[in-house]
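The structure appears below as C-alpha cells.
The values are calculated or read from the model by the stated rules, or taken from the named source; none is laboratory data. All values derive from a computational prediction rather than experimental measurement. A quick note on method: Cβ atoms are made from the backbone with ideal geometry, for glycine too, and the neighbour counts reach across all protein chains shown. For the accessible areas, the whole protein counts, side chains as well, though only heavy atoms, and no ligand, DNA or RNA atoms are used. Shrake-Rupley method; radii C 1.70, N 1.55, O 1.52, S 1.80 Å.
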Amino acid sequence: MSEGDSAGESIHGKPSSIASFFTRLGQIYQSWLDKSTPFAVVRWVVALILTVIYLIRVYILQGWYIVTYALGIYHLNLFIAFLSPKVDPSLLDDADEGPALPTKQNEEFRPFIRRLPEFKFWHSATKGIVVAMICTFFEAFNVPVFWPILVMYFIMLFCITMKRQIKHMIKYRYLPFTHGKAKYKGVRWCARDAVML
C-alpha cells in the first residue's frame, strides 16, 4: 500500500480537507449533544414538535405510510428497550450469577438500570424522526398501501408487546419509573423561636 491509500489521508500523510471537515462536523454535533444533556424536558419537547411536523407532512401529502409504520415500529422497539432492565432477570436462574432485583422489604435496594438510557432513547428517536422526514422527500419511499391495515396491525402489535412487558414487570417485580428522590420538610427556624442560653 502506498502512503496515501488509507481512507481520509492525502498523498503526504496529512488528513484530507474532506476528512477534517467531517471530523470537525462530528465534534460540533457532539458538543451540541453534550450541551443538551441536562435539558430533558426541552429535548423531548423538540422531539414532539418534530413528530407533529412529520405527521402533518404525511397527512398533507397523503402518502409515505410505510415509512410512518416503520418509524412507529422503531419507536416501539426503543420504548421496550427503555422499559427493560439492563440485566434481564429471566436469564438469571441462579442467584450466584449476578445481581438480582430485591423481592422482599428487608433486602438491599438496587436501582433500576435501563437497557436503553433516557438520553440514548431520545437521541435514537429523534434521529429516526429526522430520517423518516428525509424519506418523505423521495417518491421511491411512497409505496402505495392500504393504511388502515397498517394502523390496525400496529395497534395489535403495541398491545401484545406491552402486555408481555407488563407481565414481565409483574413477574420479576420491577418498576422502570421512579418518582424521584424523597423530599423531607424541614422545620422552619426564625430568630424569635431561638432560645437564648
**Q.** Of residues in region 60-115 being at pLDDT below 85 and of a type in the set (A, V, I, L, M), the one most open to solvent (accessible area, probe 1.4 Å)
**A.** Leu91
Q. What tally of residues in region 122-142 results from selecting those that are open to solvent by 70 Å² or more (accessible area, probe 1.4 Å) and among the β-branched types (Val, Ile, Thr)?
A. 2
Q) What pairs can you find where one residue is in region 43-58 and over 13 Å from Ile134 (Cβ atoms) and among the basic types (Lys, Arg), the other is open to solvent by less than 40 Å² (accessible area, probe 1.4 Å) and part of a helix (DSSP H, G or I), and their Cβ atoms are less than 8 Å apart, with a gap of 6+ or different chains? A) Arg43/Ser36; Arg43/Trp122; Arg43/Thr126
Q: Only one of these is in contact with a helix residue (DSSP H, G or I) (Cβ under 7 Å, 6 or more places away or on another chain) and of a type outside the set (Ser, Thr, Tyr): Val151, Val143, Val131. Name it.
A: Val143
Q: Exactly one condition in (1) out of contact with any Lys or Arg (no Cβ under 9 Å at 6 or more places or on another chain); (2) surrounded by 10 or more Cβ atoms within 10 Å (Cβ to Cβ); (3) modelled with pLDDT under 95 is not met by Asp193; state its number.
A: (2)
